[in-house]
Amino acid sequence: MKSFMVVVLMLGMTSFALANQTKTDVQDRLQSATKTLEDIMKTPDKGIPEEVMEGAKCVAVVPSLLKGGFVFGAKHGRGVASCKLPNGSWSAPAFFTITGGSWGAQIGVEDVSLVMMVMNDDGMRHLLQDKFEINGAASASAGPVGRRASAGTGWKLNSEILTYSRAHGLFAGIDLGGSEIERDADSTKAMYGRDLSNTAILNGKVPVPVQARGFIREIEAAKLQAKK
């Protein structure tokens, strides 16, 4: 019976990933992403280090990443991202989906928040694309946790994207190897009224909509707090 329920839940996760999005859905996701970033900054000793927050070129948040599996694991979620512009401001949000799987003996389903910090130009270039694979075209690794990350400097040299998960109030690095990031056309149309490329949005050619200002303010606040 338990195995059957897990399979049903996994099918539900797939339906979630494919469902059409309304403007209300997208607004709710932006609010959830804002809350995720706010929670990070409330727990600096156990969250994203200030060096990572300061150095990030883009910030991407998946408020609800469904992870689960029966014999194999799977991940599905929808996210929102913003990149820093040359003038120091932050771009309007671009929307994406994340899907992936990894073999392993695991049973159960878990809903976690995911934060991805894009740390260099190569990582940003991948985010501008319609689709890319983590640890395929783009390198990513579990990010360091804590107020400071200076004890381990490998993350500064090797990773385009640093990944974090939050479950049960705790942040930790997460391995997303093999996951695919793809532009979310449904959410883009729901928010902007037309389909737009990630390049146009993240390069600052699209004004920040009113509904996304809270998310952008939270990124700006997190970056400022990291400098203190």
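What number of residues in the range 1-38 are modelled with pLDDT of 75 or more, part of a helix (DSSP H, G or I) and in contact with a Ser or Thr (Cβ under 8 Å, 6 or more places away or on another chain)? Of the residues in that region, 5 qualify.
Just checking, how many residues over the range 207-228 are over 18 Å from Gln31 (Cβ atoms) and either in contact with a Pro (Cβ under 6 Å, 6 or more places away or on another chain) or assigned to a helix (DSSP H, G or I) (or both)? Don't jump to the end; show me each part of the working.
Here is the first cut: in the range 207-228, the ones over 18 Å from Gln31 (Cβ atoms) are 207, 223-228.
Add one more test, that the residue is either in contact with a Pro (Cβ under 6 Å, 6 or more places away or on another chain) or assigned to a helix (DSSP H, G or I) (or both), and what stays is 223-227.
So the count comes out to 5.
Are any residues in the range 146-179 buried (at least 18 other Cβ atoms within 10 Å of the Cβ) and either at pLDDT 75 or above or aromatic (Phe, Trp, Tyr) (or both), and if so, which ones? Of everything in the range 146-179, those that are buried (at least 18 other Cβ atoms within 10 Å of the Cβ) and either at pLDDT 75 or above or aromatic (Phe, Trp, Tyr) (or both) turn out to be Trp155, Ser159, Glu160, Ile161, Leu162, Thr163, Tyr164, Ser165, Arg166, Phe171, Leu176, Ser179. Here Ala226 meets the list (1) more than 19 Å from Pro63 (Cα to Cα); (2) at pLDDT below 95; (3) touching a Leu at 6+ places or on another chain (Cβ under 8 Å) almost entirely, failing just condition (3).
Any idea which residue in the range 182-206 is surrounded by the most Cβ atoms within 10 Å (Cβ to Cβ), counting only those that are of a type in the set (Val, Ile, Thr), outside any loop (DSSP other than H, G, I, E, B) and out of contact with any Asp or Glu (no Cβ under 8 Å at 6 or more places or on another chain)?
Within the range 182-206, the first condition is being of a type in the set (Val, Ile, Thr), and the residues that meet it are 188, 199, 201, 206.
Within this subset, residues satisfying the condition of being outside any loop (DSSP other than H, G, I, E, B) are 188, 199, 201.
From the residues that got through so far, the ones that are out of contact with any Asp or Glu (no Cβ under 8 Å at 6 or more places or on another chain) too are 199, 201.
On the way: Thr199: 15, Ile201: 24.
Filtering first and then ranking leaves Ile201.
The values are calculated or read from the model by the stated rules, or taken from the named source; none is laboratory data. In this text, all values refer to a predicted model and were calculated from it rather than measured experimentally. Cβ atoms come from the backbone with ideal geometry, glycine included; neighbour counts cover every protein chain shown.
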